[in-house]
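Student: The structure that follows is given in the form of structure tokens.
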Amino acid sequence: MQNEWNEIISPRRGLLDVNFREIWRYRDLMTLFVKRDIITQYKQTILGPLWYIVQPSITVLMYMVVFGGIAGIPTDGVAQPLFYLAGVCLWQYFADCLNSTSNTFVKNAGMFGKVYFPRLITPISCVVSNLVRLGIQFGLFLIVYAVYYFIGTGCGTVNAYALLLPVLVVVLAGLALGFGIIISSLTTKYRDLQILFTFIVQLWMYATPIVYPLSQVRGKSLMGMDLATIMSLNPVTPIIEAFKHGFLGAGEFVGWGWLCYSLGFMIVLLALGIVIFNRVQRSFMDTV
Amino acid sequence: MASAIEFDSISKQYRLGQVGRGTLSADLSRWWATTVLRKEDPYLKIGETNDRSIRGNSDYVWALRDITFDVQQGDVVGIIGKNGAGKSTLLKILSKVTTPTTGEIRTRGRIGTLLEVGTGFHPEMTGRENIYMNGAILGMTKHEIRSKLDEIIDFSGCERYIDTPVKRYSSGMTVRLGFAVAAHLEPEILVVDEVLAVGDAEFQKKAIGKMQDVARGQGRTVLFVSHNMAAVKSLCTRGIVLQNGCLAFDGLTDEAIEVYTHKCCSVDAGRIVDGIYRKMKYLDLHRISFNGTEATESTINGNQKTVELKIEGTTSVPVDVAVKVIFKTLSGTPIMSYAEGRCTGVLEHIEGDFTYVRNIVLPQYIAQGDYSIDICMHKPSVLDYFYAKDCAIVHVQHSDDIQGLPLKLKNEGAFSLVSTQEK
């Protein structure tokens, strides 16, 4: 009789005690959250989901003027719109995921305070719903690509590495989720980090080869090391570079080693994030 | 029967004041003590009982302290207590929204919680979409919701608006929809906090009816927090009274309500004049005595025909007043009132020092039991000079010889009725 308890609520629980089965049981909730995010984002707008396309288009135009035109940064022989669009799509996905997951606790405090469901559902659903946006923007990328393909110049050459796309997206999503939930866990009590973080995300883009190719920094040295190597330590860099190489043939392939580095980084980060998040979620209501 | 929930010395400590100020040092010293020195958490030792109205010395309070009780399967338990007594904290711990500081809760069966109706409603989504959303948040699967969708829409009575965004709903409609979803949850253990106080009278009736079905018909375990004593009385089989975070009473519902209303309504050993709720500035009250005493509790005997009210005070502005006295049951239902001024239109002029005395005739067959008294000095329908709400409690006691057979049960009504037929 004593061992039949379904659940024991106690002050402390093991670090690794993450209930994945429960998360799975609430998968319907996750799809509903995703649906909600998508439905409500552009409600009562005329352009609706077209905004998904307008935003990157304008950003790309801006980059073409500032980085391509004024600063004159080369784009590895690829047409500027394609080059920037490739970077912007992926980076925007990463940044959006990061921003939306990093305030999970603070933003949902009202709901979390009233009802229990596995908290991890919320950041995961953010990452998934942003995937739809990425999909649409990737569609835009393909259209622009097709245009350049028919023109016949500046579209580079698609190669087998393009097949890596799903892996790249998963690793990128994992990184964003990992960073996001760690930040959200750390900001329930002290909000300083969140303010710092929104600003770091902006700067982070410049440490990632979005507006310039990695080949441009190769050979330049910083503290006696190749700058390209230092930049590849940023786990997002290998992903962006692999994507650009796969679809546009831009630059050289970063190498499997660096991709594995990104993957490993993501796995460790995500595991760490889940452990911290799981610990915080149990009592964050008292401190948020 | 097997127990469905066991609360095992549950305590919850909160820090008062603002979070984030000075907590870094507390966090560090806590970390130092527990992780490095492997000692007990130093902040768990301090903490005071949770009394809202008293200023304490410690920054830490116990919102709950050593709560231990079992709930059997099929029990409908009403949890009552003053605001801030720890009721909601207890339910929050049970529903895993927060964790206890010490102790353990063991449960058997799926828990569904209703701490608020309409959690997670998104204003931009339609009623139908929100039903799915809210249902899923409460732990239902899509399939379960789909099978009950028609029932839910029907129960809410919002059929016409079901494909309209919820932001266009009136607040009443929103809570109706929220409650409708929640009412169709089917967990083994249902935890309900104050949600019956929603909607109009018709809907409240419907909501209580639904809760009764859940509690009685379907034999599920229900924990129910409410200030609505009538609802607690009609729903629950067992009552638990929390006071300042401690378990004050555990037993039959009627007794629990009695304990609670006594604790809550009586101004302990105080004077009636101290229980004044609001008052005009120019009025200074020295003494109010009711039933021959200034104390808040008194007894009316069976052979007593009248009860005396005496108000002494000073007014710096001359005014015309009448006095109103309302007898209420402990759950707040007004039973009878003395309102001479309103009935006759005759007011008494007072100025300077005054003494206002009235002998109020009691009805012949007032039933035995406890009544809460409101005393008010007013100009009828114009303004109140002072209002003393629940300022006194009178115990009506009968001796057998006056009425033959007095009503022994306290819940048979305020008056005993007689027929015109001669015996």
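The values are calculated or read from the model by the stated rules, or taken from the named source; none is laboratory data. Owing to the predicted nature of the structure, the values given are computational and were not obtained by experimental measurement. Here Cβ is always computed from backbone atoms with ideal geometry, including for glycine, and neighbour counts include all displayed protein chains. When the accessible area is computed, the model is the full protein with side chains, heavy atoms only, and any ligands, DNA or RNA have been set aside. Shrake-Rupley method; radii C 1.70, N 1.55, O 1.52, S 1.80 Å.
Student: Would you mind finding the one in A:TYR42, A:TYR93, A:TYR116 that is within 30 Å of A:LEU186 (Cα to Cα) and within 14 Å of another protein chain (Cβ to nearest Cβ)?
Tutor: Working: A:TYR42 fails: within 30 Å of A:LEU186 (Cα to Cα); A:TYR93 fails: within 14 Å of another protein chain (Cβ to nearest Cβ).
When all the criteria are applied, what remains is A:TYR116.
Conditions tested, residue by residue: (1) touching a helix residue (DSSP H, G or I) at 6+ places or on another chain (Cβ under 8 Å); (2) within 14 Å of chain A (Cβ to nearest Cβ); (3) without any contact (Cβ under 8 Å) to a residue 40 or more places away in the chain.
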{"site": "B:ALA136", "(1), (2), (3)": "yes, yes, yes"}
{"site": "B:SER147", "(1), (2), (3)": "no, yes, yes"}
{"site": "B:GLU151", "(1), (2), (3)": "no, no, yes"}
{"site": "B:ASP163", "(1), (2), (3)": "yes, yes, yes"}
{"site": "B:VAL166", "(1), (2), (3)": "yes, yes, no"}
{"site": "B:VAL175", "(1), (2), (3)": "no, yes, no"}
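Student: Select from the range B:80-105 the residues that are part of a strand (DSSP E or B), open to solvent by 10 Å² or more (accessible area, probe 1.4 Å) and more than 7 Å from chain A (Cβ to nearest Cβ) and list them in ascending order. Please lay out each step first, then the result.
Tutor: Step one: list which residues in the range B:80-105 are part of a strand (DSSP E or B), which gives B:80-81, B:102-105.
Those left that are additionally open to solvent by 10 Å² or more (accessible area, probe 1.4 Å): B:102-104.
B:GLY103, the sole residue that qualifies.
Student: So which residues in the range B:149-163 are open to solvent by less than 30 Å² (accessible area, probe 1.4 Å) and assigned to a helix (DSSP H, G or I), if there are any at all? Full working, then the answer.
Tutor: Of all residues in the range B:149-163, those open to solvent by less than 30 Å² (accessible area, probe 1.4 Å) come to B:149, B:152-153, B:155-156, B:158, B:162.
Matches in the range B:149-163: B:LEU149, B:ILE152, B:ILE153, B:PHE155, B:SER156.
Student: Give the residue that is modelled with the lowest pLDDT, with candidates limited to residues of the range B:181-195 that are open to solvent by 10 Å² or more (accessible area, probe 1.4 Å) and under 20 Å from the mean Cα position of the chain (by Cα).
Tutor: Residue satisfying both the conditions and the ranking: B:GLU194.
Student: Of these, A:ALA173, A:ALA146, A:ALA162, which one is of a type in the set (A, V, I, L, M, F, W, C), modelled with pLDDT of 85 or more and under 15 Å from A:LEU82 (Cβ atoms)?
Tutor: Values: A:ALA173 fails: under 15 Å from A:LEU82 (Cβ atoms); A:ALA162 fails: modelled with pLDDT of 85 or more.
So the residue among A:ALA173, A:ALA146, A:ALA162 that is of a type in the set (A, V, I, L, M, F, W, C), modelled with pLDDT of 85 or more and under 15 Å from A:LEU82 (Cβ atoms) is A:ALA146.
Student: Looking at B:LYS142 and the list (1) in contact with a helix residue (DSSP H, G or I) (Cβ under 7 Å, 6 or more places away or on another chain); (2) more than 7 Å from every other protein chain (Cβ to nearest Cβ); (3) modelled with pLDDT of 85 or more; (4) open to solvent by 20 Å² or more (accessible area, probe 1.4 Å), which single condition is not satisfied?
Tutor: With (1) in contact with a helix residue (DSSP H, G or I) (Cβ under 7 Å, 6 or more places away or on another chain); (2) more than 7 Å from every other protein chain (Cβ to nearest Cβ); (3) modelled with pLDDT of 85 or more; (4) open to solvent by 20 Å² or more (accessible area, probe 1.4 Å) applied to B:LYS142, the lone miss is (2).
Student: Answer yes or no: is there a residue in the range A:160-179 that is farther than 23 Å from B:ILE137 by Cα, of a type in the set (Val, Ile, Thr) and in contact with a helix residue (DSSP H, G or I) (Cβ under 6 Å, 6 or more places away or on another chain). First the steps, then the outcome.
Tutor: Just the residues of the range A:160-179 that are farther than 23 Å from B:ILE137 by Cα, to begin with: A:160-176, A:178-179.
Those left that are additionally of a type in the set (Val, Ile, Thr): A:167, A:169-171.
Subset that is in contact with a helix residue (DSSP H, G or I) (Cβ under 6 Å, 6 or more places away or on another chain): A:171.
Checked against the condition, which is being farther than 23 Å from B:ILE137 by Cα, of a type in the set (Val, Ile, Thr) and in contact with a helix residue (DSSP H, G or I) (Cβ under 6 Å, 6 or more places away or on another chain), the range A:160-179 yields at least one hit.
Student: Right, next: Residue check, B:ILE131 against (1) within 27 Å of A:MET285 (Cβ to Cβ); (2) within 9 Å of chain A (Cβ to nearest Cβ), all met but one. Which one?
Tutor: The one condition B:ILE131 does not meet is (2).
Student: Step by step: first the residues of the range A:214-246, then only those that are aliphatic (A, V, I, L, M) and part of a loop (DSSP other than H, G, I, E, B), then the one that is modelled with the highest pLDDT. Which residue is that?
Tutor: The residue in question is A:LEU233.
Student: Between a residue in the range B:106-124 that is more than 9 Å from chain A (Cβ to nearest Cβ) and any residue that is among the β-branched types (Val, Ile, Thr) and assigned to a loop (DSSP other than H, G, I, E, B), which pairs come within a Cβ distance under 7 Å, given they are 6 or more apart or on different chains?
Tutor: Close Cβ pairs satisfying both conditions: B:VAL117/B:VAL195; B:VAL117/B:VAL198.
Student: Can you say whether B:GLU116 is of a type in the set (Asp, Glu) and modelled with pLDDT under 85, as far as the supplied structure shows?
Tutor: Working: of a type in the set (Asp, Glu): yes; modelled with pLDDT under 85: yes.
Answer is yes for this residue.
Student: Tell me whether the range B:189-203 contains one or more residues that are part of a helix (DSSP H, G or I), among the β-branched types (Val, Ile, Thr) and in contact with a helix residue (DSSP H, G or I) (Cβ under 8 Å, 6 or more places away or on another chain). It would help to see each step written out before you state the result.
Tutor: Restricting attention to the range B:189-203, the residues satisfying the condition of being part of a helix (DSSP H, G or I) are B:201-203.
Pick out the ones that are also among the β-branched types (Val, Ile, Thr) and you get none.
Among the residues of the range B:189-203, not one is part of a helix (DSSP H, G or I), among the β-branched types (Val, Ile, Thr) and in contact with a helix residue (DSSP H, G or I) (Cβ under 8 Å, 6 or more places away or on another chain), which makes the answer no.
Student: Among the residues of the range B:166-180, is any modelled with pLDDT under 90, basic (Lys, Arg) and within 28 Å of the chain's Cα centre (by Cα)?
Tutor: yes
Student: Also, quick follow-up: Out of the residues in the range A:230-254 that are open to solvent by 20 Å² or more (accessible area, probe 1.4 Å) and more than 18 Å from the chain's Cα centre (by Cα), which is nearest to A:GLY154 (Cα to Cα)?
Tutor: Applying the filter and picking the extreme gives A:GLY249.
Student: Looking at (1) at pLDDT 85 or above; (2) more than 23 Å from the chain's Cα centre (by Cα), find the lone condition where A:PRO74 falls short.
Tutor: (1)
Student: Going by the conditions given, is A:VAL88 out of contact with any Asp or Glu (no Cβ under 9 Å at 6 or more places or on another chain), more than 14 Å from every other protein chain (Cβ to nearest Cβ) and in a loop (DSSP other than H, G, I, E, B)?
Tutor: Values: out of contact with any Asp or Glu (no Cβ under 9 Å at 6 or more places or on another chain): yes; more than 14 Å from every other protein chain (Cβ to nearest Cβ): yes; in a loop (DSSP other than H, G, I, E, B): no.
No.
Student: Further question on the same structure: Could you go through the range A:157-167 and let me know if any residue there is open to solvent by less than 30 Å² (accessible area, probe 1.4 Å), out of contact with any strand residue (DSSP E or B) (no Cβ under 6 Å at 6 or more places or on another chain), within 14 Å of chain B (Cβ to nearest Cβ) and touching a residue at least 40 places away in the same chain (Cβ under 8 Å).
Tutor: No, every residue in the range A:157-167 fails to be open to solvent by less than 30 Å² (accessible area, probe 1.4 Å), out of contact with any strand residue (DSSP E or B) (no Cβ under 6 Å at 6 or more places or on another chain), within 14 Å of chain B (Cβ to nearest Cβ) and touching a residue at least 40 places away in the same chain (Cβ under 8 Å).
Student: Then there is this: Are there any pairs, at least 6 apart or on different chains, whose C-beta atoms fall under 6 Å, with the first in the range A:177-189 and within 13 Å of another protein chain (Cβ to nearest Cβ) and the second in a loop (DSSP other than H, G, I, E, B) and polar (S, T, N, Q), and if so, which?
Tutor: That search, which allows pairs on different chains as well, returns A:THR188/A:THR287; A:LYS189/A:THR287.
Student: Hey, another quick one. How about the range B:106-126: which of its residues are assigned to a strand (DSSP E or B) and touching a Pro at 6+ places or on another chain (Cβ under 7 Å)?
Tutor: Initially, the range B:106-126 is screened for residues assigned to a strand (DSSP E or B), giving B:106-107, B:111-114, B:126.
Listed by number, the residues that qualify are B:ILE111, B:GLY112, B:THR126.
Student: Starting from residues that are part of a loop (DSSP other than H, G, I, E, B) and either within 12 Å of the chain's Cα centre (by Cα) or modelled with pLDDT under 85 (or both), keep the ones in the range B:225-254 and report whichever is nearest to B:ASP75 (Cα to Cα). Outline the logic, then answer.
Tutor: Initially, the range B:225-254 is screened for residues part of a loop (DSSP other than H, G, I, E, B), giving B:226-228, B:236-237, B:244-245, B:252.
Add one more test, that the residue is either within 12 Å of the chain's Cα centre (by Cα) or modelled with pLDDT under 85 (or both), and what stays is B:226-228, B:244-245.
Numbers: B:SER226: 16, B:HIS227: 19, B:ASN228: 19, B:ASN244: 24, B:GLY245: 22 Å.
Of everything passing the filter in the range B:225-254, B:SER226 is nearest to B:ASP75 (Cα to Cα).
Student: Sort through B:THR306, B:THR315 and tell me the only one that's among the hydroxyl-bearing types (Ser, Thr, Tyr) and closer than 17 Å to B:ILE375 by Cα.
Tutor: Details: B:THR315 fails: closer than 17 Å to B:ILE375 by Cα.
Checking each option against the conditions leaves just B:THR306.
Yes or no, residue by residue, for (1) within 30 Å of B:LEU90 (Cα to Cα); (2) among the small types (Gly, Ala, Ser); (3) crowded, with 17+ Cβ neighbours inside 10 Å:
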position	(1), (2), (3)
B:PHE249	yes, no, yes
B:TYR260	yes, no, yes
B:ILE272	no, no, yes
B:SER298	no, yes, yes
B:LYS324	no, no, yes
B:LEU330	yes, no, yes
B:GLY341	no, yes, yes
B:ILE350	no, no, yes
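Student: Out of B:HIS378, B:HIS349, B:HIS395, report the one residue that is modelled with pLDDT under 85 and assigned to a strand (DSSP E or B).
Tutor: Values: B:HIS378 fails: modelled with pLDDT under 85; B:HIS349 fails: modelled with pLDDT under 85.
Answer to the check: B:HIS395.
Student: Could you list all residues from the range A:47-68 that are open to solvent by less than 50 Å² (accessible area, probe 1.4 Å) and without any contact (Cβ under 8 Å) to a residue 12 or more places away in the chain?
Tutor: A:GLY48, A:VAL54
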